[in-house]
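Scroll down for the structure; my scribbles are underneath it.
The values are calculated or read from the model by the stated rules, or taken from the named source; none is laboratory data. As the structure is a computational prediction, the values presented were derived from the model and not from experiment. Virtual Cβ from ideal backbone geometry, glycine too; neighbours counted across all protein chains shown. Heads up: the accessible areas ignore ligands, DNA and RNA and are worked out on the full protein's heavy atoms, side chains in. Shrake-Rupley method; radii C 1.70, N 1.55, O 1.52, S 1.80 Å.
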Amino acid sequence: MTSVLLTGPTRGLGRATALALAAHPSRPDLLLVGRPGAALAEIAGEARALGASVHEIGADLARLSDVRAAAATVRDLVESGKVRPLGALVANAGVMSADTRQASADGHELTFAVNHLAHAQLIGDLLDVFQAPARIVLLGSNTYHANFWRRLLGVPAAQWRDPVEIARPAVGDANPGMKASGVAYSNAKLAVLYYAHELQRHTGPGINVAVFEPGWMPGTSLGRGTPPAAQAIGRGIARLPGVATPERSGPVLASMALDERWAHLRDGAFVVRDQVAEVRPIARDRQRESRLWAATRELLDQA
Ligand SMILES: NC(=O)c1ccc[n+]([C@@H]2O[C@H](COP(=O)([O-])OP(=O)(O)OC[C@H]3O[C@@H](n4cnc5c(N)ncnc54)[C@H](OP(=O)(O)O)[C@@H]3O)[C@@H](O)[C@H]2O)c1
């Protein structure tokens, strides 16, 4: 009997995950953290219709004061006994900003801010609220490394730099373009892997950290900043058999938060679609991981 916190429940994978959590036989209480508005109210209503007890927590994850307030709300709900103990946090919300000059309210490059910094703040604020055994599931993406298909599709791999530089928005009169946007996304997702490995070293023994890669789900709103023609192609590919979709991957993500099958996963274990996979050597780097941890602390403390 537990509560599960999910970020980004309003669309795509998060929406499908919220519905799978709501229908889960263990009947967890749901803490849905998303931008306030009609979409958040709507998914909360749909989850309630499936019988779940749901708390909507409005927060723009591109604003750290909102993230801190959301964490404080969760703490109050758990400590007052209004929801059951916090057993899982699914850090699903993500964005791939089409213009790397875009900044969060705190002045950080938007993709890095939402995918990594907001979740690092939320998790850091809640570490002592979890009740063991607990799980933290972060959202990764295989775009952190290049392969034949990604090269063919022009999806750039990560180009790691010091995290303080990665967090700095681009400057200039012109949009640096889709390649820069892709690099920023891949950097943010490589940061998620580094952070997961380091986070596990800082959590108590009863909190397990894992990373989920849902598979390429063309047609979700993640590509909303890409040219309309690319979005139309994505929607077409999404209909092909075997292609990952929120409806297929959402239940797996919900299962990673709750089911015995995944209880052993820790140390940032990487699950691709529904199988544990080894990450590339580039995604394991003790020096980068500890530097990311320290730089994240600096960036959050300054904001
Ligand atoms: N799509 C893929 O192929 C793919 C592959 C690998 C990994 N992933 C990862 O899977 C996760 C979900 O992606 P998706 O494809 O489902 O994307 P999506 O359809 O764009 O959904 C993203 C979710 O994140 C929320 N979000 C974005 N910015 C936010 C902000 N500033 N404050 C609060 N919420 C915010 C969105 O809320 P709004 O509705 O308010 O915008 C939405 O609920 C992401 O972490 C993504 O990186 C996706």
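As a fraction of the 1.4 Å probe accessible area of the chain, surface on carbon and sulfur atoms comes out at 54 percent. Projecting the Cα atoms of Gly204, Ala98, Ala191 onto the charge dipole of the chain, computed from C-beta unit charges around the Cα centre, puts Ala98 farthest toward the positive end. The gain in end-to-end length when the Asp128 to Arg239 segment is fully stretched comes to 35.7 nm, 0.36 nm per residue minus the alpha carbon separation. On full extension, the segment bounded by Ala49 and Thr73 gains 6.3 nm, given 0.36 nm per residue less the C-alpha separation.
Each 20 Å bin from 0 upward holds the following percent of the Cα-Cα pairs of the chain: 36, 60, 4. Note on region 3-302: antiparallel DSSP beta bridges, both residues inside, total approximately 10 percent of the bridges counted.
The value of relative contact order for the chain, using C-alpha pairs under 8 Å at least six residues apart, is 20 percent. Note that the chain presents 43 Å² accessible area per residue, ligands and nucleic acids not counted, probe 1.4 Å. Each peptide among 111-117, 182-188, 144-150 gets the average number of other Cβ atoms lying within 10 Å of its residues, and from highest to lowest they stand as 111-117, 182-188, 144-150.
For the chain, a Gaussian network of Cα nodes joined below 10 Å ranks Val243, Val192, Val211 by mean-square fluctuation, and the top entry is Val243.
Under the membrane-span-like helix rule (DSSP H runs whose alpha carbons stretch at least 30 Å along the helix axis, mean Kyte-Doolittle hydropathy -1.0 or higher), the chain yields 178-202. Enumerate the residues in region 265-293 having an amide nitrogen under 15 Å from the point lying 7 Å beyond the Cα of Trp149 toward its Cβ. In region 265-293, the label zone of Trp149 (backbone N under 15 Å from the point 7 Å along Cα→Cβ) covers 272-275. Highest average first, the peptides 168-176, 17-25 ordered by how many other beta carbon atoms sit within 10 Å of their residues are 17-25, 168-176.
Highest mean packing comes first when the peptides 48-58, 253-263 are listed by Cβ atoms within 10 Å, giving 253-263, 48-58.
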